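Reading through the structure tokens given below for one structure.
We did not get these values from a lab; they are worked out from the coordinates using the rules stated. None of the values given here were measured: they were computed from a predicted structure. With ideal geometry, Cβ positions are generated from the backbone for all residues, glycine too; neighbour counts draw on all protein chains shown.
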Amino acid sequence: AVYGIKARNAMIFSPHPRSKKTSFETVRLMREALEREGAPADIVQCLQNVNIPMSQALMARADLVLATGGQPMVRAAYSSGTPAYGVGAGNSTMVIDETANIEEAAQNSMLSKTSDFGSGCSADGNLIIAESIFEKMVQQLEKVGAYIASEAEKAKLRGVMWDAEGHRTSDTVAIAPQKLAEIAGFSIPADRKFIVVYGDGIGKEYPFSGEKLTTLMAVYKYSGGFENAVKMMQAIYEVGGKGHSCGIYSFNEEHIHQHALAAPVSRIMVRQPQSKANAGAFNNGMPMTSSLGCGTWGGNIISENISLKHYMNTTWVSVPIPEDKPADAELFGEFYNPEMEK
């Protein structure tokens, strides 16, 4: 909304039915602030009757659509006939190599996983940890608030988090770990901030390797060379989350470079809490936003953080400048043949 208004737009919100009360209140507060500043309150509005036909009608009449949500809604925005920016699903995966600061990695993962009960697409979903530090890293996760689920508890969690067709169940999304455990049929201490399960495989048949959208993450162990961590990371993104984001905890520049070249994502955070850093922070230079473009990997038109420049048109004004034209010999190098100019 701030970017939209700064770029001189009127904004109309069409909230998800489950978030409409929060959206209504947020818009009410923004309208009050606009009135206090002498601006017309109606430059920020919100649909009151939230339904699919109403959202479709709004998209068809607007000048620009910003579609932040599931893929069906993003596809509807792209099909509306209106210019649109869409976003993609996340499945944020962190690689933690043997050079990592374990205390930093665990603390940041906790901060990322617990923000908004893990509902953000940027929240840490999977940790791929070097074998040499795996046990210490898991212990450190416990120190910062993790509950390590047993195999029996993991099976119960799987049974309630996904339905028979493999879809995430809505009542287990974005809830406290105690509530998640209760729904699964067991209990965890009140001081636990998130749940950790041991990854038992990567692929569509292993749902814990996909996006969780709640206060639960999976941990995986890699052995051998760093290229094995990269292969595991790539396999996870074949399950879901291509184009969105991933992270790495390492002080090995070659590992960071190798990871960046291989990851099918639009943004990689190095030694940062993913959900806090992806959307922009004062210490990392990322444009601040809540909408993360995922490029063609994620079915989007851009692979950037959607920010101020995306809410306005740009006019280029060109005037003549001194010509800076390379000679043909410079341009074509070894392929240049002066005989061709005769």
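Each of Asp63, Asp328 was scored by other Cβ atoms within 10 Å of its Cβ. Listed from fewest to most, they are Asp63, Asp328. Legend: ranking of residues Trp316, Trp162 from fewest to most surrounding C-beta atoms inside 10 Å; resulting order Trp316, Trp162.
Nothing charged except the Cβ atoms of Lys and Arg (+1) and of Asp and Glu (-1): what's the magnitude of the dipole of segment 8-127 about its Cα centre? Round to the nearest 20 debye.
Working: 10 positive and 12 negative charges, 157 e Å.
Here the size comes out at about 760 debye.
For the chain, excluding the exposed loop sites themselves (GluC sites (Glu not before Pro), DSSP loop, at most 16 other Cβ atoms within 10 Å), the longest remaining stretch covers 206-322.
Dipole magnitude for segment 93-279: about 360 debye, using +1 per Lys or Arg Cβ and -1 per Asp or Glu Cβ, origin at the Cα centre. Among His244, His310, the order by Cβ neighbours within 10 angstrom, fewest to most, reads His310, His244. In the elastic network of the chain, a GNM with C-alpha springs shorter than 10 Å, the most mobile of Val138, Val317, Val270 is Val317. Only the Cβ atoms of Lys and Arg (+1) and of Asp and Glu (-1) were treated as charged; on that basis the dipole of segment 266-342 about its Cα centre amounts to roughly 860 debye.
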